[in-house]
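One structure is given here, and the rest of the page talks about it.
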Amino acid sequence: MKTYSVCPECNKRVPAKLVLIDGSYRLRKICPEHGKFSAVVWRGSELPYYKAPSESSVPPCPDDCGLCERHLQSTCCVLVELTNRCNLNCPVCFADAGKPAAKERAPAEWYNVFRKLVDDGRTFLQLSGGEPTVLDDLPEIVAAAKRAGCENIQLNSTGIRLGKEPDFTKKLADAGLSFVFMQFDGLTDDVYSALRGRPMFDEKLAAIDACDKANLGVTLVPTIVPGVNDDQIGAILKFGFEHSPAVRGVHYQPISYFGRYPNAPRNKDRITLPEVMSAIETQTDRIVKLSDLSHSTCDHPRCGFHGDFVVMPDRIVALTKAQPEPGESETCCCAKNGQISDEALRNRKFVSRRWRRSCVENSGSSEPGSFDAFL
């Protein structure tokens, strides 16, 4: 299968081939200046590797990359980096945290930025960094985004300050924060020591509790690393189910290596999507099955999967839709060619409702709660 990739040394676009070797697909590419490269991108026989688009249909990335008509989607969620400061220095982070602090804007300045991003009040906005909660005026920034017309405001956070200062967390909720995407790598301190530099599981529990009391939904975001926490993939999902409705979902992120590592990763250091999905099935004792996970309708079908669930008092109910074949007409919450259809808008509101906490939900409720798993 012919496609394109980038040279890991110079980032220039180079021709590439997807090659099946011993049951695993590898991406092979040659840079005229830096030589040959090969990496496993799909490992496991449980899931089919969908056919790649024809070479003539591949967008000319990355040279002409952007929100162009040849791409699959337009903007859905806008990520805004508020600061490059952070309260951690994670070995696996690819952000610029730890560098000299960049100039930070006042809430009034951010309001002008947010106004330019708003699309008729339908904008998904994620506040990120660095770590946004190092900003004492973060509640005012959230309020500025709300005044600017942002319908859904996410916070991408380590959760440390949220748990230590519940009053600060409540101020964020009162200002209009919709939900929190929280770094959550596992259920034991050895995982956090390896990936974040120190034990902090209790701090994660405190953050979830503070968000729960402020009626903020939390999506857990684990970075999955072979040999570190890949044996806790199912346990993390079970933990999420058990802490519903405070926890709204789990967003798995198989580790990617983006330049902080002195040497190129070996294939055994990588974990691919089918391996994560297989672990979800086996490690949850088939509470969640492979058939409960569907490929994304927004991205390329090999780039992401998700499952929708209802957490009942006595069981987990999967809301699995039939998976369309790649290339079939699909609808997601993203705009197409700069226009968002009514159906796409309904899908976007559906996602928002599932991630938000309703006013009547509370921990210990016997009412069913919605739950999403993404990877």
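Students often get this wrong, so check it: of Lys204/Lys238; Lys29/Lys289; Lys116/Lys213; Lys36/Lys289; Lys103/Lys171; Lys2/Lys36, which have C-alpha atoms separated by over 26 Å? Write down the numbers at each step before the final one.
Working: Lys204/Lys238 16 Å; Lys29/Lys289 34 Å; Lys116/Lys213 33 Å; Lys36/Lys289 38 Å; Lys103/Lys171 24 Å; Lys2/Lys36 16 Å.
In this structure, Lys29/Lys289; Lys116/Lys213; Lys36/Lys289 exceed 26 Å between Cα atoms.
Counting only heavy atoms of the protein chains, get the accessible area per residue of region 270-319 (1.4 Å probe) and round it to a whole Å² value.
That works out to 40 Å² per residue.
Just to confirm, what accessible area per residue do you get for region 190-260 at 1.4 Å probe, in whole Å²? Mind dumping the intermediate values first?
Numbers: 2460 Å² over 71 residues.
Counting only protein heavy atoms, the per-residue value for region 190-260 is 35 Å².
Suppose R0 equals 51 Å; then what is the FRET efficiency for Thr282 and Arg115 from their Cβ-Cβ distance, rounded to the nearest 0.05? Don't skip to the end; give the middle numbers.
Values: r = 48 Å, r/R0 = 0.95.
Rounded to the nearest 0.05, the efficiency is 0.60.
Provide the packing ranking of 183-190, 14-21, i.e. peptides ordered by the mean count of other C-beta atoms within 10 Å per residue, highest first. It would help to have the intermediate numbers written out before the result.
Details: 183-190: 19.8, 14-21: 14.5.
Top of the packing list down: 183-190, 14-21.
So how far apart, in nm, are the two label points at Lys213 and Lys36 if each is 7 Å from Cα heading toward Cβ?
Taking the simple label geometry, Lys213 and Lys36 are separated by 6.0 nm.
Checking the a/c ratio against 1.5 first, then a/b against b/c, what shape does the Cα gyration tensor give for region 120-266?
prolate
The values are calculated or read from the model by the stated rules, or taken from the named source; none is laboratory data. Note that the coordinates shown come from a computational prediction; the quantities given were computed from them, not determined experimentally. As a convention, Cβ positions derive from the backbone with ideal geometry for all residues, glycine included, and neighbour counts pool all protein chains shown. Protein only, heavy atoms only, side chains kept; ligands, DNA and RNA dropped before computing areas. Shrake-Rupley method; radii C 1.70, N 1.55, O 1.52, S 1.80 Å.
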